[in-house]
Amino acid sequence: MVKDTMSILLLYLWGLLGLGPLLSCHPVQGRELQSNNTVYVPGLFDLSTFDFGEEIYEFTVSLINNHSDGWFDDILNDGTELTWSVADSACDGDIAVRKYWDIRTQNRGRPHGLVGCRCSDASIAVAMIASLEEVPQVSPSSTSDKLSDTTKYPFFSRVTSSEEPYALVSMLRSFGWSRVTILSTDTLYGKDQENEFRRLWLNKHNDSSGTWEGEVAYSHTILLDLNDTVNEASVKQGLAGVPTDDPTINSRVILLIAHDQHAYHILRIATESNFQPETIWVGAEAWVGRAPPGDLSWMPEFPGYIGLTPYRNRNEYYVDYLQRLQAWQERKGRSPWGELPDYAAEYLVDSILSITMALSNVPQGMRLNGSVVTTELQSLTFNGVSGDVAFTENGDRLHPRFSIFNLQRVGNALTWVDVGVAKTRVTDSTVMTNSICFAAVGCGVTEVPSDKYPVPPVPISLLISVVIPIILVLLVAVTIFYCRTRQTKNRLKDSMTEMQKKMEEMKRIDGDLNAIDRQVEDAKRRQASLILQRAELQGMPDTWTEALDTIVEVAPEDKQYWTVLDRMRESMDDVNISKLWRVQNTSLWSYYSFHKDRLLTLVGGHGERDVWHGTSNLDPSVIYDDQQDGFMMQFAAQGFWGRGLYFADKASYSSHYAFTPPQRTLMSSFTFASDSRPGGNKDEKEMFLTKLLVGKEVFLDRDVSSGKANEYKKLTVPPVDKKTGYKYNTVTGNTGGSQVWVVYENGRAYPDYLVRYYRGARDETRTPYGTKAEAMKKGVAADIEMGVKLPVAGSESSTSSNSYNSIVTWEYLDNKCWKPFSANHQSIIERHHQNFVKTKVTSSKVKIDTDEWTYEVDVASFVQENIDHPGHRQREIRRRQA
């Protein structure tokens, strides 16, 4: 699955650094790929499930390249040959990105288009990377609604649809069901489909099926092991939690949202666990319609599985393609297929047709322009092997239909039988109920089973035996009466025994709670350790500390404070800082570092600058708390150089766009919801000191003419460098007395510091120091005040624990600055130092604990080691005596 956005981008960087050829994929079929007479459209699939994919691809390409067989002869009939290759992307985003880079390397450049992937996780990962190079992509079977977001995936299209949850609701309502249980796997597909289904299903409805209220009786997420198999314990845990007894809360209908390699494993565990044979298992295209793998002896007599697949077309275009395929297979000495093996085979053919038809419809010189090809692709309308093919403006299939299938025994074989059609509205769906075989009920029923588990009737023998419980009750009553005559001492003894048992049980529970508390603390330390480990691998700034907060306040005694202030005073000599925060967002820094290395690779330099940015009315926390983009084009406004992200050399310019924090009053204090940033004073503003990757810039002078000024206002991307044929990375110009830079994509700026400032005379309550020298002097004095007073060895006063005439301070080196330990740790370290010197202890090492870490301090070698850190990070320490 897609671990996160940054891992995918780092994989792409891995390829840019030249490691792509180490991967393997099927060789490219066709002539020299970069010729004007060829187009290259590779495929990325999960070949373990799409085991038919390569054969379909080979045959379909051969038909397209044959312009005299009467099958779409007009596609690429200008002398252009379609070349191809296929790689196994699995259903894993990391693998898919590696295979994409392998394909790109084999081609010695970007492909003209891409067909794939099967699973949404892999498609999302590839779409993210392919969009950086504007490569059009068409998927035959990815259904996640996330892929409909054209701002993130502008070059992605699909011949299937994300509207499967609508069709599921339509199908369930056609059976009259209103309550379901949901079991989904811990995958992007499972989460997306469940969330969208819940949104459509829950609450009250009034539609063509009547007035009804959708309910979810129970839901459970099934975990996957590291080898991408289902965790059996998680499956059994989920099944054990399904309510089956009370018909007022249970549901006989279980919606299983999983890929086929997981779904059939789950169904097998349920059957072998003897889980409720009356259960009606409902599924979607990820497993419905696909043959169960391996030994099927576990399968019930009437499986009764029901679900949807994208519409299985059987029109003349399908028949024509199948007949041509069968003849080709015979010529190749292969066994002809009786029909296409899966709905995805039909949709794969139409995916190849869509991308090649779009490439054919644009001039040869424009076929590497992803925007032009994608626009042409999404305007297509044609009769394909899967039916009528057209696209929405989001790249989804227009007017999707879904086939309803039911797994039945036909003779000795298990077969998925077509029993109806589902659309996105109940009135448009048709189901042949009498053609369905229901679990534990059988086939040919005239009445659809209830969505509740049946309640077994009470046996007559049970009614007859009611007398026996009555007699038992009478006997118990007599026994109780007799017991009450026993002596009070025995009653008290029993009471004390019971009380003792309760106290022991409470003690056990308290012990378990304490153990859990320790586990939570260990987990927190492990989390902090992993974050720091990742930070070290990603080359975080050496000014960062071990704090886990996104923003860390910088003290006036810190040199960073004065570096930022000096930068501000270059253009605002009357400015003062009231608060300064350093932004420590590892996700944003990773994204920024990726773009830095990418620019270094593509244009030979990143041109990093420290510049200013004001957020106007947007709270800065929206930027520094974001885990993906930071500065986002979605919030960009129209300016003199078009719609982009603007940054200035001079703080005085960005000050006009600074954010005004909510004010504190005498009656109340304001704190931002996202962090501990306090409210500000009336005269205070906030803006970012930002790191910006300029790359290759072009200076556009808007004062040359009004025509040029109007032209520049319409920019959405930088202009093309006529010397290289590639776009510049950044536009720059002068306005308002400052040079400004404009970028038109996310990820190229990092919010380094957030500065809260005011102008005018210095307010000592907000800005305690007037000069850097004063601050540095005060900082040293404060360190000394935190020292530990100790008696001088051998003096008369050394015998008294209350008489001291010397000050000792223990300090550690952090970012080239000596910082004192806390007062408590000072005392622990110095006491151990004295005992070690006097040979009262043999070890020179002592442990100190903080909220996040455990350190081992060596008072002999003067080294502090973080024993919780995976790298056992060490720092130099010193003992300073005044």
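So here's what we get for this one:
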| item | result |
| --- | --- |
| Convex hull volume per residue in cubic angstrom - Cα atoms of the range 835-882 | 95 |
| Extension gain (nm, one decimal) between D74 and E553, 0.36 nm per residue minus Cα-Cα | 165.9 nm |
| Local electrostatic count at V857 - Lys and Arg +1, Asp and Glu -1, tallied over other residues with Cβ under 12 Å | -1 |
| Neighbour net charge for T615 - beta-carbon separation under 15 angstrom, K R +1, D E -1 | -4 |
| Shape parameters for the range 235-298, alpha-carbon atoms, Rg then Dmax in Å | 12.3, 38 |
| Residue-count net charge about L47 - beta-carbon cut-off 10 Å; Lys, Arg +1, Asp, Glu -1 | -3 |
| In range of the label at T716: residues from the range 372-394 whose backbone nitrogen is under 12 Å from the point 7 Å along Cα→Cβ | 372, 375 |
| Those GluC sites (Glu not before Pro) in the range 547-636 that DSSP places in a loop and that have at most 12 other beta carbons within 10 Å | E570 |
| Within the accessible area of the range 216-356 (1.4 Å probe), percent carbon and sulfur | 48 |
| Residue-span extension gain [S705 to R425] - 0.36 nm each, minus C-alpha spacing | 95.1 nm |
| Full-stretch length increase - A390, K146 - with 0.36 nm per residue and alpha-carbon distance subtracted | 85.9 nm |
| Per residue value of the accessible surface for the range 180-269 (all protein chains in place, 1.4 Å probe), Å² | 43 |
| Cut-off under 5 Å, modelled amide H: who pairs with H112 long-range | Y40 |
| Convex hull volume of the range 346-465 per residue (C-alpha atoms, cubic angstrom) | 191 |
| Within the accessible area of the range 705-761 (1.4 Å probe), percent carbon and sulfur | 51 |
| Relative contact order (%) - the range 578-646, alpha-carbon pairs under 8 angstrom, separation at least six | 30 |
| Debye log10 I(q)/I(0) for the range 119-239, one point scatterer per Cα, at q = 0.19, 0.21 Å⁻¹ | -1.05, -1.13 |
| Karplus-derived HN-Hα couplings along the range 369-383 (A = 6.51, B = -1.76, C = 1.60, θ = phi - 60°), whole Hz, x at Gly and Pro | 8, x, 5, 5, 5, 5, 4, 5, 4, 6, 9, 6, 9, 7, 8 |
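The values are calculated or read from the model by the stated rules, or taken from the named source; none is laboratory data. For clarity, every value in this text was computed on a predicted model and none was experimentally measured. Cβ sites come from the backbone with ideal geometry, for glycine too, and all protein chains shown count toward neighbours. Just the protein is used for accessible areas: all its heavy atoms, side chains included, with ligands, DNA and RNA removed. Shrake-Rupley method; radii C 1.70, N 1.55, O 1.52, S 1.80 Å.
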